[in-house]
Amino acid sequence: MKIYVNKEGLEGTVTAFDYGHNKGLWINGVGMTHLCTETKLMAHLPLMFAKDPKEFLVICFGMGTTVKSAALYPDLNIMAVDLVPETFECFKYFHPKDQDVLKKKNIRLVTNDGRNHLLLSPKKYDVITVDPAPPIWSAGTVNLYTKEFFQLCKDSLTPDGVMCLWFPGGSTDDNLAILTTFAAVFEHMSVWRGP
């Protein structure tokens, strides 16, 4: 295993590493994510359904793959919000050939709780993607799967806006609870499984 960074911050200790040519991200010793196709799709799928999208919000930056994929659309303003600012610093380890992506004028990185960001901002978005840290029942993360949070996201969307939510699976009961709650706020939805 190769450790790229292990940095303690106010909100958590971030570890970026490579294990057998697979890159991973831990926060406080808990696996958050690894490089995968699903996080790319979290940009492309909702953009495919949005009408003339201009404003894109990513809640939970992680490795930055969703932001990197959204950056392929030159007319898109992208805001990424994460509670743990050290995750932004790890981007260069996960995407070494794309280090300049985060320097683009249409990308803004914000250190904040995603829910608080939406509560305090009058801004409307064409697309909101949310990729909460696992496990789904952990403190902070569980709030991102509530009806109140989904309604807050809906209220922060433009009239034709699209929301994309990742959930890592788990028990059938957990999955049904999330889907039922999401459907109570967003009457038109589809469920996609990663490749």
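Residue-wise test of (1) closer than 21 Å to residue 166 by Cβ; (2) without any contact (Cβ under 8 Å) to a residue 40 or more places away in the chain; (3) in a loop (DSSP other than H, G, I, E, B); (4) in contact with a strand residue (DSSP E or B) (Cβ under 7 Å, 6 or more places away or on another chain).
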position	(1), (2), (3), (4)
52	no, no, yes, no
97	no, yes, no, no
110	yes, yes, no, yes
127	yes, no, no, yes
Answer residue from region 167-195, given it is at pLDDT 90 or above and aromatic (Phe, Trp, Tyr) and is farthest from residue 50 (Cα to Cα) among those = 182
ask   = From 14, 30, which residue is closer than 18 Å to residue 166 by Cβ, touching a residue at least 60 places away in the same chain (Cβ under 8 Å), touching a Ser or Thr at 6+ places or on another chain (Cβ under 9 Å) and not aromatic (Phe, Trp, Tyr)?
value = 30
ask   = On the given criteria, is residue 114 at positive phi, open to solvent by less than 80 Å² (accessible area, probe 1.4 Å) and touching a residue at least 24 places away in the same chain (Cβ under 8 Å)?
value = no
inquiry  = Which numbered condition in (1) closer than 22 Å to residue 8 by Cα; (2) in contact with a strand residue (DSSP E or B) (Cβ under 9 Å, 6 or more places away or on another chain); (3) outside any strand (DSSP E or B) is the only one that residue 80 fails?
reply    = (3)
query = Only one of these conditions is not met by residue 60: (1) surrounded by fewer than 20 Cβ atoms within 10 Å (Cβ to Cβ); (2) hydrophobic (A, V, I, L, M, F, W, C); (3) under 12 Å from the mean Cα position of the chain (by Cα). Which number is it?
reply = (1)
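Just to be sure, is residue 142 free of Cβ contacts under 8 Å to residues at least 24 places away in the same chain, among the hydrophobic types (A, V, I, L, M, F, W, C) and open to solvent by 20 Å² or more (accessible area, probe 1.4 Å)?
yes
The values are calculated or read from the model by the stated rules, or taken from the named source; none is laboratory data. This structure is a prediction, so every number in the text was calculated from the model and none was measured. Positions of Cβ are generated from backbone atoms using ideal geometry, with glycine treated the same way; all protein chains shown enter the neighbour counts. Side chains included, ligands, DNA and RNA excluded: accessible areas come from the protein's heavy atoms. Shrake-Rupley method; radii C 1.70, N 1.55, O 1.52, S 1.80 Å.
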